Each structure stands twice: as structure tokens, then as C-alpha cells.
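Comments concern the structure below.
Please treat every number below as a calculation from the coordinates, not as lab data. Note that this is a predicted model, so its numbers are computed, not measured. All Cβ positions, glycine included, derive from the backbone under ideal geometry; neighbour counts span all protein chains shown.
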Amino acid sequence: MYKVLIIEDDPMIGDMISMYLGEEGFHVIRMETGQKGLEAVRQFAPDVILLDLMLPDMDGLQLCKQVRITSSVPIMIVSMKNKVVERVGALGAGADDYMSKPFSMHEMSARVHALIRRSHLYHKASEIKGVSGSAVKDGKPEAVDPMQGDMNKISLDLHTRSIIVQGQTVETTYSEFEIMKCFVNHPGRVYSREDLLHTVRGFDSYVTDRAIDVHIANLRKKIEDNPKEPRRIRTVWGVGYKFVY
């Protein structure tokens, strides 16, 4: 049974979501404050978090950032705020999806299922692939990153869903890791924003091209020596992005 943590102080909305997801077979708990929500992340170990941005004791974006320090659990923001700048800010803080209130319970459930499905697919993949992206082929380990082992190169750790940069582990959000996985597995290939949107969200979630730009900017800060003059994640003007070793 998958576990959902709802961090929402509005009892009516919180109870509606809890009841709907509970009837669909999820194990749901709800916390009304950010502090209790943080404690629940550690103790409850949810498969997905539904987070309101306006909480009585702390800003939801700050809570999202704190969760991201120690966890890559998918986070979906559920908020009355519906401006593009607010969506972009939430994605930049580490959120994986965003829904504006009021919303369809059916769509909300579909997005929760999609986030958990993608997350657990890659957790299952990590069970048959070794640390730093090693896989088994003909009984021998095979590296996902062809440049693995060089301290100056980039590799992926599928167990922790993090990036290894110059021998140092760099934490990523769920969406950042999915984008980086595409890049590392297909260096030199040009990905349009639409390609990356489908990779991160699937076809059933509402996002914008700007969301991909935010993720790319965050990744450049994490892997580039100079994010303002990126050498690895390059912009292909009029098309999208590509990764270069």
C-alpha cells in the first residue's frame, strides 16, 4: 500500500483529499503544520507528499526545500496560488508537480499515481543496477555513464538518485534526476523542451516550458563550474538542450 502525506491546514480540503485517496487504497495521513509535516516525512516515509504553500507556522516553499535536503520523495504542491511565477518558484524549490485550487479530485489522483509510478519504476531499476549506474549485461557490470571512473566527469547513483560530480555526491529532485538521466544516457542528443516535459511529467500533468528552463538552471548550478557559461548542459537555440562530456 502506497503512503501519502498531506500537509494542509484547511480541514475541509484536507479531509476531502484524504477520503478520496483513502478510498482508492492509499494509506493517508494529514498534518496541519509544517513542523509536524517535517516530522512525518521522517517517521512515515511517504511515497508522495501533497503540500500546501500557506501553512500556519512556515512557508510551504521553505518546507519543500528542507525536505529536499534529505529526501527525493515526489512532492506535489496544492495551492490557491495560480500565477506562473508561483509555479516556477515551487519547481525551483524542489517540487515535482503543482495543482491550483480548486481542482478535480480525479485529476489529483491521476497525478499522484503518475508521480508514484515514475518514482517506483526507477527504484525497481536501481535494484538491478549498481551504484553509479552500473548494470548487468552478459553477467558483467556495465556502466550507464561511459565516462564513469574519471573524477572530472559526471555519473549517476541510481540507488540514491543523485549525481556524482568530481567525486562528490550532489542531491537532486525527482525531476532533475529524470532529466539528467536522459542526458547521461544519450550525450550529444538534442532534447526539445517538449521531450523533457514528457520525460518528467508524462502526458497527464499541466506544466509549461518555463518549468523545464527552471530545472535546467538548477542542474547547471549543481554540475557546472560556471553556470552562466555552461559547458556540459548546452542550449541549442530554437530547439532545446543537449549534454556534452
Fully extended, how many nm does the chain gain between MET80 and HIS198 (0.36 nm per residue separation, minus their Cα-Cα distance)? 39.9 nm
Could you state, as a whole-number percent, how many of the C-alpha pairs of segment 3-122 are farther apart than 23 Å? 19 percent
Ranked highest first by the average count of other Cβ atoms within 10 Å around their residues, in what order do 157-165, 226-234 fall? 157-165, 226-234
SER100 to THR160: extension gain in nm, 0.36 nm per residue of separation minus the Cα-Cα distance? 18.6 nm
At 0.36 nm per residue, minus the direct Cα-Cα distance, what do THR169 and ARG210 gain on full extension? Give it in nm, one decimal, please. 12.1 nm
Using each residue's phi in segment 105-112, evaluate 6.51 cos²θ - 1.76 cosθ + 1.60 at θ = phi - 60° and report the 3J(HN,Hα) Karplus result to the nearest Hz, with x for Gly and Pro. 4, 5, 5, 4, 4, 4, 5, 4
